[in-house]
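For reference, the structure is listed below as structure tokens.
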Amino acid sequence: MNTPFGIVNLWLDGDLVIRFVALLLLFCSIVTWVILLSRLWDLRKLGKLKSQLENFWRATSFDQGLHSFSEHALNPYYQIAKSALDASAHHQSQSTNHRELLQTLNYSEWMARSLKNSIDGVAAKLQKGLTFLGSTGAIAPFIGLFGTVWGIYHALIAISSSGSAQIDQVAGPIGESLIMTALGLAVAIPAVLGFNALNRANKLFVADLNRFGNDLLAYFVTGARVKSGE
């Protein structure tokens, strides 16, 4: 039995504003799920790279340790270690005849700053997509609510012009308009939950990077890694 009510009827009978709101919510939903799935996949791959740290520290030389890392272009541990090696070489290669501002810092301060910059760069890349998720989670319910208000407004106009306000005439249009609120929540909830989950995962990963950076700093300054518990 065909029914004049439902999402399909809302789309067919809705004006340009209702259709624009529906398409906007659909776009936000698609982008949200693309970001969530891609970022979760990236974090899964980054988690596997952590197991390579033990091979790095067991290497007999720093260069050998660098080569123990895989996927150099995507491996943040390799990138941080390589940038630390480059920063150390750059600081030590400067002669007093060509004094630079960096030489006003001692070696330990220079390495600490260089490692922090490298870690901050990796952390910035981890924030990719979070702004969209946070914005979507905040505004999607209001976009849906706007669609609801707009739909109810036009439903009431139609009812007043017909001169009849029977329940079967009111329930359909208003119920269809309320669907917009539900759609807004359906977009916002995954965005908010995904934002919180990714933000927490990023913080844990950055904490691991900071520990790795501290170990690298100890290695370059003292010649040995500071092990946990020492």
field: Where labels lie 7 Å past Cα in the beta-carbon direction, separation of residue 52 and residue 131 in nm
entry: 2.9
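Which of the residue pairs 45/82; 45/116; 48/128; 128/203; 48/116 have a Cα-Cα distance greater than 18 Å in the structure shown? Don't skip to the end; give the middle numbers.
Details: 45/82 20 Å; 45/116 23 Å; 48/128 20 Å; 128/203 14 Å; 48/116 23 Å.
Among 45/82; 45/116; 48/128; 128/203; 48/116, the Cα-Cα distance tops 18 Å for 45/82; 45/116; 48/128; 48/116.
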Pairwise FRET efficiency - residue 138 versus residue 117, Cβ, R0 = 35 Å, nearest 0.05: 0.65
message: Can you compute 3J(HN,Hα) from phi for each residue in the stretch 127-137, using the Karplus curve 6.51 cos²θ - 1.76 cosθ + 1.60 with θ = phi - 60°, rounded to whole Hz and x for Gly and Pro?
response: 7, 4, x, 5, 4, 5, 4, x, 5, 5, x
message: Sort 151-157, 192-198, 57-63, 125-131 by packing, meaning the average of other beta carbons within 10 Å per residue, with the highest value first.
response: 192-198, 151-157, 125-131, 57-63
task: Report the FRET efficiency, 1/(1 + (r/R0)^6), for residue 218 and residue 37, where r is their Cβ-Cβ distance and R0 is 35 Å, rounded to 0.05.
output: 0.40
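We did not get these values from a lab; they are worked out from the coordinates using the rules stated. Note that the structure is predicted; figures quoted are calculated from it, not measured. As a convention, Cβ positions derive from the backbone with ideal geometry for all residues, glycine included, and neighbour counts pool all protein chains shown.
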